[in-house]
Amino acid sequence: MNRVMIHIPLKIYRVVLAHLLPSRLRNEEAGFMYVRPTSGKDGNSFEFVDWDLIPPHGFLVRSRYNFELTDESRARVIKRAHDLGASLVEMHSHSGSFPAAFSHSDLIGFAEFVPHVWWRLQGKPYFAVVVARKSFDGLAWLVGPDTPQRLDGIVVGENIFVPTKLSPLRYNAYGQ
């Protein structure tokens, strides 16, 4: 089975983490990375192209436990991905000391948003990454909007960071 990896330059990785995990994390933070496939020896590799943070006015709702983007924010990141010929990597933070895993509301949001993005970007893969202070987890939709698989790692320079793999691959409105 091919491993699914995202390659991010160290400088960008630091900027992304500084945005997602500020020293005083009051609410979930979010941003989108744009990536393109690259031929790599580790299977399904995707390389960083660009990054957009979501500013405070880009959220319709935001708290310590969930968020919802404005229609304008969603449209902007999808258009940017289209213009770049890139896939989207949704990235957001969770507070607390627990290992990273997608929440019930995250999983329900994927059921709505991933098929929309998949259609708008004409079948380009979609990724989601959730970060906590000491860990992250990730999912990838490579073959269809209803078939997530685990992200195997994020490559930063010579380092490979491995996700917790605590998030379920199958979910429904009841979180199962």
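The values are calculated or read from the model by the stated rules, or taken from the named source; none is laboratory data. Values in this document were obtained by computation on a predicted structure and should not be read as measured data. Cβ sites come from the backbone with ideal geometry, for glycine too, and all protein chains shown count toward neighbours. Keep in mind that these areas ignore ligands, DNA and RNA; they rest on the heavy atoms of the full protein, side chains included. Shrake-Rupley method; radii C 1.70, N 1.55, O 1.52, S 1.80 Å.
Which residue pairs have Cβ atoms under 8 Å apart, sit 6 or more places apart or on different chains, and have a first residue in segment 109-122 that is more than 16 Å from residue 71 (Cα to Cα) and at pLDDT 95 or above and a second that is of a type in the set (Val, Ile, Thr) and assigned to a helix (DSSP H, G or I)?
Final answer for the pair search is 121/78.
Among the residues of segment 123-147, how many are open to solvent by 10 Å² or more (accessible area, probe 1.4 Å) and either among the small types (Gly, Ala, Ser) or under 11 Å from residue 169 (Cα atoms) (or both)?
Number of matching residues: 4.
Given the residues 63, 23, which is the only one that is small (Gly, Ala, Ser), free of Cβ contacts under 8 Å to residues at least 24 places away in the same chain, out of contact with any Ser or Thr (no Cβ under 8 Å at 6 or more places or on another chain) and on the phi < 0 side of the Ramachandran plot?
It is 23.
Table: residues versus (1) assigned to a loop (DSSP other than H, G, I, E, B); (2) closer than 21 Å to residue 86 by Cα.
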position: 6; (1), (2): no, yes
position: 11; (1), (2): no, yes
position: 18; (1), (2): no, no
position: 23; (1), (2): yes, no
position: 33; (1), (2): no, yes
position: 38; (1), (2): no, yes
position: 44; (1), (2): no, yes
position: 47; (1), (2): no, yes
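Considering only segment 78-91, state which residues are in a loop (DSSP other than H, G, I, E, B) and open to solvent by 10 Å² or more (accessible area, probe 1.4 Å).
Selection gives 85 alone.
Across segment 6-61, what is the total count of residues that are more than 16 Å from the chain's Cα centre (by Cα) and of a type in the set (A, V, I, L, M)?
4
Among the strands (runs of 3 or more DSSP E) contained in segment 92-174, which hold 1 or more residues that are in contact with a helix residue (DSSP H, G or I) (Cβ under 7 Å, 6 or more places away or on another chain) and of a type outside the set (A, V, I, L, M, F, W, C)?
Counting at least 1 such residues, we get 126-131.
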